[in-house]
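The values are calculated or read from the model by the stated rules, or taken from the named source; none is laboratory data. The structure displayed is predicted, hence computed values, not measured ones. Don't worry about glycine lacking a Cβ; one is built from the backbone with ideal geometry, like all the others, and counts go over all protein chains shown.
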Amino acid sequence: MDNFLHITATWLHILGIALFVGPQFFLAFAWIPASRRIKDLQTRVDAMRTITRRFGVIGGIGLALLLVSGTYQISTWRDYYGVPAEDDFTGIRYGLIFVIKMSALIVMVALVAYHTFVLGPKQLNMLEEQAKGGDVLDDEIRGARVQSMIVSIVALIITLAIMGMGVSMGATDRFSLAPV
Ligand code: HEM
């Protein structure tokens with residue numbers, strides 16, 4: 001039963017990664033360049049709102065799956081791998097990498113939230129204002145776009161690093177002593 005639950009949690013973890021990371025690549029490298037070809041600004045803004053809202057839901061489900069399955073894995077790892085309680089958590093590589101992974105996760109979630117709830121809507125509102133003939137300069141829109149691109153690329157790089165750390169937690173030397 002423990003094995004079944006561990007496999008299920010790992011499967012959910014990987015599904016979570018696919019749902020959270022996949023759309024980020026799609027948005028950055030497929031949708032954003034393609035959307036610039038939509039000449040009518042209001043149509044572009046409407047399509048952007050729909051796509052980014054759906055991305056928010058899909059990515060949010062992915063992140064929730066990661067949190068639930070990861071919490072299960074970390075709360076059962078000692079029993080599952082038969083690691084004695086005397087082994088200090090951060091004294092072994094598995095624990096040390098986990099702590100670094102969780103610290104990186106906090107930074108990444110903060111950046112994604114800032115992008116989703118502040119920078120993204122700000123950019124869309126500016127574009128919408130311009131579409132309605134409002135007094136918004138192209139330079140202002142460009143500035144907001146650059147800011148939003150930098151934050152989302154940094155968040156994506158941290159996410160890829162977190163994936164690397166997760167995989168390292170499964171490496172054969174995971175229960176060796178951590179470097180001091
Ligand atoms: C609260 C959040 C998270 C927790 C508690 C958590 C916990 C864990 C644990 C304990 C493992 C090791 C499982 C084992 O013993 O083999 C693991 C593996 C992994 N994690 Fe996470 N994780 C979290 C979030 C994430 C995120 C956000 C990502 C990347 C987007 C990620 C990517 C991975 C990967 C790629 C693996 C290796 C999967 C495998 O092939 O076994 N994790 N995670």
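A few remarks follow.
- The set of residues in segment 50-68 being among the small types (Gly, Ala, Ser) and in contact (Cβ under 8 Å) with a residue 12 or more places away in the chain consists of Gly56, Gly59, Gly62, Ala64.
- Selection within segment 96-107 - without any contact (Cβ under 8 Å) to a residue 60 or more places away in the chain and small (Gly, Ala, Ser): Ser103
- Selection of first residues in segment 84-95 that are part of a strand (DSSP E or B) and of second residues that are surrounded by fewer than 13 Cβ atoms within 10 Å (Cβ to Cβ), restricted to Cβ pairs under 7 Å at least 6 apart or on distinct chains, gives the following pairs, ordered by first then second residue: Ile92/Ser176; Ile92/Leu177.
- Selected residue [modelled with pLDDT under 95, part of a helix (DSSP H, G or I) and surrounded by 11 or more Cβ atoms within 10 Å (Cβ to Cβ)] from Ile32, Ile58: Ile32
- Considering segment 127-150, and only residues there that are over 25 Å from Ile58 (Cβ atoms) and either in contact with a helix residue (DSSP H, G or I) (Cβ under 7 Å, 6 or more places away or on another chain) or among the β-branched types (Val, Ile, Thr) (or both), the residue that is modelled with the highest pLDDT turns out to be Val146.
- Residue that is nearest to the ligand (Cβ to nearest atom), among those in segment 121-149 that are of a type in the set (Val, Ile, Thr) and surrounded by 13 or more Cβ atoms within 10 Å (Cβ to Cβ): Ile141
- Taking the listed residues Thr90, Thr116, Thr71, Thr50, the one that is out of contact with any helix residue (DSSP H, G or I) (no Cβ under 8 Å at 6 or more places or on another chain) and more than 11 Å from the ligand (Cβ to nearest atom) is Thr50, with no other qualifying.
- Screening Ile38 with (1) under 23 Å from the mean Cα position of the chain (by Cα); (2) not in a helix (DSSP H, G or I) gives one miss only, at (1).
- Boolean, Thr71 is at negative phi, free of Cβ contacts under 8 Å to residues at least 40 places away in the same chain and of a type in the set (S, T, N, Q): yes
- Any hit, segment 158-174, residues being part of a loop (DSSP other than H, G, I, E, B), away from the ligand (no atom under 12 Å from the Cβ) and over 27 Å from Gly62 (Cα atoms): yes
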